[in-house]
Amino acid sequence: MARFLLPSPPGWLRRGPLREGAFRSSLHDERTATLIGTALGITFTTAFLTGLISHELQLAHPPTWIPDRPVWIFRFTQGLHVASGTAAIPLLLAKLWTVYPKLFGWPPVKSVLHGLERLSIAVLVGGAIFQLVTGLLNVVQWYPWKFAFVPTHYWVAWITVGALILHIAVKAPEIGRGYKRPGPVVGPEETAVIVPAESDAVRPGKTTAVLPAESGVVRSEGTRVALPEGTDVVRPTETTLVRSTETVGHPASAPAPTSAPTSAPPSTPPPTSPGGPDRGRGTGSRRAFLLTTGAAVGVVTLTTIGQSVTWLRGIDLLAPRDPSVGPQGVPINRTAAQAGVLTSAFATDWRLSVVGPRPFQLTLDQLSSLPQYEVVLPIACVEGWSVNGRWQGVRLVDLLDRVGAPPGAFVRFTSLEKAGFYATTTMPREYARDPLTLLALRLGGQRLSIDHGYPARIIAPGRPGVLQTKWVTRIEVL
Amino acid sequence: MRMLRLLRPALLARIALGAFGLWVLSIGARGLLLGHPFAWNEPVGKWLLGGIIVHDALIAPVVFVLCFVLYRITSLRVRQALAAILLIGGSALIVVLPDVLRKGRNANLTVTPLDYRRNLIIVLLAVVGGVVLATVASARRAARRARRQAATETAETAQFPKIVIPVTERVPEPPAAPDPELEPEPEPEPDVPEGEIHPTSGIELFDHDEVRHSTPET
């Protein structure tokens with residue numbers, strides 16, 4: 001047997017959520033799962049691609065396909081990375097709720113193939129939760145684990161996206177069915193189909209009815225419908241005449257599936273609600289559920305996006321950063337105290353060493369007497385926050401010309417930081433020769449604060465904040 | 001035959017996509033196992049499995065019990081409102097929880113600079129308020145619709161006083177009412193000539209269209 005069927009476990013184990021018909025909501029269906037899954041897939045793909053850009057930019061030799069213009073390109077991609085990860089949180093919650101009856105499916109494993117499919121979903125769920133949790137903690141610089149965040153978040157992203165692609169391949173038929181718009185389905189909030197009759201009873205009840213040919217199959221599953229006087233509840237047959245009702249759950253203009261003709265008997269399973277005997281009773285409409293999920297995405301996005309979209313700073317309520325809070329009105333990622341440079345940066349014998357074919361050294365005063373330029377460039381952190389700064393200083397290209405650097409040379413910066421992943425960084429020629437790239441001495445018209453890299457720091461367009469080296473002491477032509 | 005089935009283009013495309021997914025996944029797995037010190041993989045494995053265990057063994061059963069209980073003690077409208085508050089408010093809570101827990105614990109004061117407890121309360125109050133407003137508005141809309149419907153029905157009844165329907169059956173009150181979708185076919189109606197009295201409902205039977213056409217003449 002190619003599917004390697006496995007024996008079912010004993011039936012007495014089938015209790016609680018494992019019971020048949022334990023899940024009543026009709027929103028655990030293919031269409032809801034497909035629609036929310038699509039949104040979730042988009043956020044994960046966006047986070048993956050923008051994460052790749054950030055990863056590639058941090059390589060010693062970044063690829064040339066990532067442009068350095070516009071100057072806010074990294075600000076945009078990394079803000080999007082964190083925002084899409086944040087938006088994925090409510091989407092993942094909604095998606096997991098939609099499909100969680102499958103977790104309690106019976107038998108737990110039908111065949112070897114089914115077991116492999118469940119395993120791939122476990123990888124996907126584990127990876128997705130891991131990425132969102134580690135990302136969420138990283139943006140507040142909280143590392144309660146014993147591994148390095150950056151490489152682990154990067155490699156698990158590949159695992160998660162691979163499992164996602166595999167999941168799409170496995171579930172392709174279900175996804176295909178999920179995208180097909182079913183005939184209008186009357187939710188519980190909608191008016192029941194009622195027909196005047198000779199009865200004078202006002203009674204609660206529920207109805208099922210068949211609409212005229214152009215409308216397809218309609219189900220009405222309200223709990224209690226107060227009917228006006230002189231009406232009765234109708235159980236349809238092929239000859240029943242009923243009027244069309246408002247279909248709030250779906251647009252009334254929805255095309256009817258050709259497979260659901262008027263004469264469909266009432267026992268025709270609804271396209272959206274397979275399941276146990278009570279499946280769907282008392283369930284909210286799909287539209288309400290999707291709107292709620294959308295509202296959750298909206299709330300978490302709007303209350304956090306202000307950390308990178310500065311004009312929305314007023315509603316930045318839940319983000320770990322306020323782009324206006326920090327020395328000289330700009331946040332920082334690593335303080336001078338954390339970097340251990342409080343003494344060395346203020347040392348009177350500080351010199352900038354520029355190493356190349358014609359090496360030289362400069363004091364801070366000598367640097368300040370060179371031609372100064374002002375640029376407005378964003379400082380954009382990998383943790384998602386970003387803000388524009390008005391930087392003044394010496395153009396890097398002027399220093400490179402003076403040291404006799406060849407036009408295609410890469411440049412290495414060394415910070416006063418003794419330890420740390422970014423104590424030395426390498427800059428490709430495209431950024432090094434960019435007239436906007438400065439060795440900045442001032443920010444917002446004032447001398448750099450110690451936390452912003454006094455006495456001198458690098459600021460270049462389109463680069464991750466961690467590569468905008470602070471407390472620079474040496475520039476080396478490679 | 002089995003081999004021929006494998007040659008269907010749609011199936012081939014799915015197999016190719018699945019293989020591509022496995023290849024992408026293998027890049028990550030290889031990178032994790034070889035791309036950083038091997039000793040890091042144990043905590044990574046713990047956190048990966050931890051997420052699955054917390055979801056499968058803790059959150060999913062709790063949500064199941066919550067849904068089970070709410071289904072019995074609340075109406076649909078209240079349940080929808082609670083679900084909306086849980087999803088929107090819960091998402092906001094998850095997003096801000098690290099900020100609340102880490103507030104004041106980072107040497108870098110530009111991290112978590114806001115008053116997150118206050119802001120969380122503001123957001124949650126706004127969420128609850130918004131959901132309550134939306135629920136009230138929806139209930140009012142439904143009531144208006146029911147009234148409109150009732151008015152239409154009354155008018156129709158007045159216009160066509162003798163409307164009779166072929167099959168009428170009283171449905172027991174919920175929750176005892178089984179889902180009509182899944183009930184067996186209704187028993188075949190006795191072949192009663194039009195204009196006769198239906199044996200179970202006691203209603204005079206007509207073809208509906210005929211009733212509509214004939215009513216004005218009566």
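Throughout, read-outs are computed from the coordinates displayed, never taken from laboratory work. As the structure is a computational prediction, the values presented were derived from the model and not from experiment. Note that each Cβ is placed from the backbone with ideal geometry, even for glycine, and that neighbours are counted across all protein chains shown.
Suppose the filter is out of contact with any helix residue (DSSP H, G or I) (no Cβ under 8 Å at 6 or more places or on another chain) and surrounded by fewer than 23 Cβ atoms within 10 Å (Cβ to Cβ); does A:Leu113 pass it?
Numbers: out of contact with any helix residue (DSSP H, G or I) (no Cβ under 8 Å at 6 or more places or on another chain): yes; surrounded by fewer than 23 Cβ atoms within 10 Å (Cβ to Cβ): yes.
So A:Leu113 passes the test.
So if I check each of B:Ala39, B:Ala107, B:Ala57, B:Ala83, which one is under 30 Å from A:Phe149 (Cβ atoms) and within 8 Å of chain A (Cβ to nearest Cβ)? Full working, then the answer.
Details: B:Ala39 fails: within 8 Å of chain A (Cβ to nearest Cβ); B:Ala57 fails: within 8 Å of chain A (Cβ to nearest Cβ); B:Ala83 fails: under 30 Å from A:Phe149 (Cβ atoms).
B:Ala107 is the lone residue from the list that is under 30 Å from A:Phe149 (Cβ atoms) and within 8 Å of chain A (Cβ to nearest Cβ).
Restricting to segment A:289-343, give me the number of residues that are on the phi > 0 side of the Ramachandran plot and within 8 Å of chain B (Cβ to nearest Cβ). Break it down stepwise before answering.
Applying the first criterion (on the phi > 0 side of the Ramachandran plot) to segment A:289-343 yields A:326, A:328-329, A:340.
Checking the rest, the ones that are also within 8 Å of chain B (Cβ to nearest Cβ) come to A:326.
Selection size over segment A:289-343: 1.
Tell me whether segment A:427-440 contains one or more residues that are outside any strand (DSSP E or B), farther than 18 Å from A:Leu370 by Cβ and of a type in the set (Ser, Thr, Tyr). Break it down into steps so the answer makes sense when it comes.
Applying the first criterion (outside any strand (DSSP E or B)) to segment A:427-440 yields A:428-437.
Subsequent filtering for residues that are farther than 18 Å from A:Leu370 by Cβ retains A:428-431.
This time we only want the ones that are of a type in the set (Ser, Thr, Tyr), so: A:431.
Yes, there is a match, as at least one residue in segment A:427-440 is outside any strand (DSSP E or B), farther than 18 Å from A:Leu370 by Cβ and of a type in the set (Ser, Thr, Tyr).
Rundown of residues vs (1) touching a residue at least 60 places away in the same chain (Cβ under 8 Å); (2) farther than 15 Å from A:Leu40 by Cβ; (3) more than 10 Å from every other protein chain (Cβ to nearest Cβ); (4) of a type in the set (Gly, Ala, Ser), yes/no style:
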site: A:Gln141; (1), (2), (3), (4): yes, yes, no, no
site: A:Trp145; (1), (2), (3), (4): no, yes, no, no
site: A:Phe149; (1), (2), (3), (4): no, yes, yes, no
site: A:Thr152; (1), (2), (3), (4): no, yes, no, no
site: A:Trp155; (1), (2), (3), (4): no, yes, no, no
site: A:Ile159; (1), (2), (3), (4): no, yes, no, no
site: A:Gly162; (1), (2), (3), (4): no, yes, no, yes
site: A:Val170; (1), (2), (3), (4): no, yes, no, no
site: A:Gly176; (1), (2), (3), (4): no, yes, no, yes
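Where residues in segment B:4-36 are over 23 Å from A:His167 (Cβ atoms) and not in a helix (DSSP H, G or I), which of them is farthest from the other protein chains (Cβ to nearest Cβ)?
Of the residues in segment B:4-36, the ones over 23 Å from A:His167 (Cβ atoms) are B:4, B:7, B:34-36.
From what's left, not in a helix (DSSP H, G or I): B:7, B:35-36.
Values: B:Leu7: 16, B:Gly35: 6, B:His36: 5 Å.
Among those residues, the one meeting the criterion is B:Leu7.
Quick check on my filter: what residues within segment A:61-110 are of a type in the set (S, T, N, Q) and touching a His at 6+ places or on another chain (Cβ under 9 Å)?
Start the filter on segment A:61-110 by keeping residues that are of a type in the set (S, T, N, Q), which leaves A:64, A:77-78, A:84, A:86, A:98.
The one that is of a type in the set (S, T, N, Q) and touching a His at 6+ places or on another chain (Cβ under 9 Å): A:Thr98.
Of the conditions (1) buried (at least 23 other Cβ atoms within 10 Å of the Cβ); (2) among the small types (Gly, Ala, Ser); (3) more than 29 Å from A:Thr303 (Cα to Cα), A:Gly127 clears all except one; give me its number.
Of (1) buried (at least 23 other Cβ atoms within 10 Å of the Cβ); (2) among the small types (Gly, Ala, Ser); (3) more than 29 Å from A:Thr303 (Cα to Cα), only one is false for A:Gly127: (3).
For segment B:98-115, check the following and say yes or no: at least one residue is without any contact (Cβ under 8 Å) to a residue 60 or more places away in the chain, within 28 Å of A:Thr160 (Cβ to Cβ), within 28 Å of the chain's Cα centre (by Cα) and assigned to a helix (DSSP H, G or I).
Checked against the condition, which is being without any contact (Cβ under 8 Å) to a residue 60 or more places away in the chain, within 28 Å of A:Thr160 (Cβ to Cβ), within 28 Å of the chain's Cα centre (by Cα) and assigned to a helix (DSSP H, G or I), segment B:98-115 yields no hits at all.
Can you tell me how many residues in segment B:26-76 are aromatic (Phe, Trp, Tyr) and more than 15 Å from A:Thr152 (Cα to Cα)?
Going residue by residue through segment B:26-76, those that are aromatic (Phe, Trp, Tyr) are B:38, B:40, B:47, B:64, B:68, B:71.
Restricting the remaining residues to those that are more than 15 Å from A:Thr152 (Cα to Cα) gives B:64, B:68, B:71.
Adding up the residues that qualify gives 3.
Just name the residue that is farthest from the other protein chains (Cβ to nearest Cβ) out of those in segment A:73-112 that are of a type in the set (Val, Ile, Thr) and assigned to a helix (DSSP H, G or I).
Pass one, segment A:73-112, residues of a type in the set (Val, Ile, Thr): A:73, A:77, A:82, A:86, A:89, A:98-99, A:109, A:112.
Among the residues that remain, those that are also assigned to a helix (DSSP H, G or I) are: A:73, A:77, A:82, A:86, A:89, A:98-99, A:112.
Values: A:Ile73: 24, A:Thr77: 20, A:Val82: 11, A:Thr86: 6, A:Ile89: 6, A:Thr98: 11, A:Val99: 10, A:Val112: 16 Å.
Of everything passing the filter in segment A:73-112, A:Ile73 is farthest from the other protein chains (Cβ to nearest Cβ).
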